[in-house]
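Structure first, commentary second.
The values are calculated or read from the model by the stated rules, or taken from the named source; none is laboratory data. Because the structure is a prediction, the values reported are computed rather than measured. As a convention, Cβ positions derive from the backbone with ideal geometry for all residues, glycine included, and neighbour counts pool all protein chains shown. All accessible areas refer to the heavy atoms of the entire protein, side chains included, with ligands and DNA or RNA removed. Shrake-Rupley method; radii C 1.70, N 1.55, O 1.52, S 1.80 Å.
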Amino acid sequence: KLFVHSFLGIGQMGVEHQFLDAPACFANDYLLPDGTKAQGDARACLRDVAELLNRVHHVNTIVSNLVREARIQEWYVLGGLMYLVQSKTFDFHDGVFTSADMLEKGDNSVCRQDWSTLTMQYPGDSFLYSYCLLPAYYYSLFVDGYGVSPETPLHYLSGNADGDWTMGVVLMQA
């Protein structure tokens, strides 16, 4: 069985646009469009993102019961999340990670680091600016929205395999 529901405006790029001026969602000293400097904190960012996903768009009430009833054994991610966890900044190995590990790594390796240090350490990464926000977004989507345990293994294609999906993350029951 396949369940599809579109939450317009809360895909990866939609959330990025909605949180452009959220200081907690970007690395320390990253210059925000409103002229202030960010003070990264993935957990504070997570609270704000979870409110958007669940209090405004009700992802948790629409999806979590379906996920629980489906008794999904394995989770696979594609699209933006797959590219995030394969980036040099996150560098997960063996094609598996957990939401908890991703959030922790995002907080320690990006959010709490100085932006100038990150740009020197990871030159040419055009998505680096979003690597504090995205772990909070995906954690909130999976854990707070879908009801998946933070310690549940999430699998992704590794190596040269390509699994892009232009509309966002696709989850597949194996």
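Taking amide H as placed 1.01 Å from N in the peptide plane, the amide H of Trp75 sits under 5 Å from that of His155, each at least 5 places away or on another chain. Per residue of the chain, the DSSP helices (runs of n ≥ 4 H) give a summed -39500 (n - 2.57) that works out to -9000 deg cm²/dmol at 222 nm.
Classify segment 8-147 as rounded, prolate or oblate, taking a ≥ b ≥ c as the square roots of the eigenvalues of its Cα gyration tensor: rounded when a/c is under 1.5, otherwise prolate if a/b is larger than b/c and oblate if not. Each step should come with its number before you reach the end.
Numbers: a/c = 2.27, a/b = 1.40, b/c = 1.63.
The shape class here is oblate.
Which one, Glu151, Glu69, Glu51, has the greatest fluctuation when you compute a Gaussian network model over the chain with C-alpha springs under 10 angstrom? Largest GNM mean-square fluctuation: Glu69.
Asn108 to Glu151: extension gain in nm, 0.36 nm per residue of separation minus the Cα-Cα distance? Don't skip to the answer; put the middle values down first.
Values: separation 43, 0.36 × 43 = 15.48 nm, distance 1.80 nm.
So the extension gain works out to 13.7 nm.
The length gained by stretching the chain between Ser87 and Ala100 to full extension, at 0.36 nm per residue less their Cα-Cα distance, is 3.0 nm. Rounded to the nearest whole Hz, the Karplus-based 3J(HN,Hα) values (6.51 cos²θ - 1.76 cosθ + 1.60, θ = phi - 60°) of segment 140-150 follow the sequence 4, 4, 6, 7, 7, x, 7, x, 7, 4, x, with x at glycine and proline. Cut-off 10 angstrom, C-alpha nodes, Gaussian network model of the chain. Which of Gly145, Gly106, Gly35 fluctuates the most? Looking only at Gly145, Gly106, Gly35, the biggest GNM fluctuation is shown by Gly35.
Surface exposure of segment 1-85, expressed per residue as accessible area with a 1.4 Å probe, stands at 58 Å².
Considering the chain as a Gaussian network with a 10 Å cut-off on Cα pairs, which listed residue, Leu84, Leu66, Leu52, attains the greatest mean-square fluctuation? Fluctuation is largest for Leu66.
Would segment 44-108 count as rounded, prolate or oblate if I go by the C-alpha gyration tensor, calling it rounded below 1.5 in a/c and otherwise prolate when a/b exceeds b/c, oblate otherwise? Since a/c reaches 1.5 but b/c is at least a/b, the shape of segment 44-108 is classed as oblate.
Approximating the spin labels as points 7 Å out from Cα along Cα→Cβ, the His17-to-Arg43 distance works out to 3.2 nm.
For helix 59-70, what angle does its Cα long axis make with the longest principal axis of the chain, in degrees from 0 to 90 and rounded to 10? Between the helix axis and the principal axis of the chain, the angle is about 40 degrees. In segment 1-85, the portion of solvent-accessible area held by carbon and sulfur atoms comes to 55 percent [1.4 Å probe, whole percent, DNA, RNA and ligands not counted].
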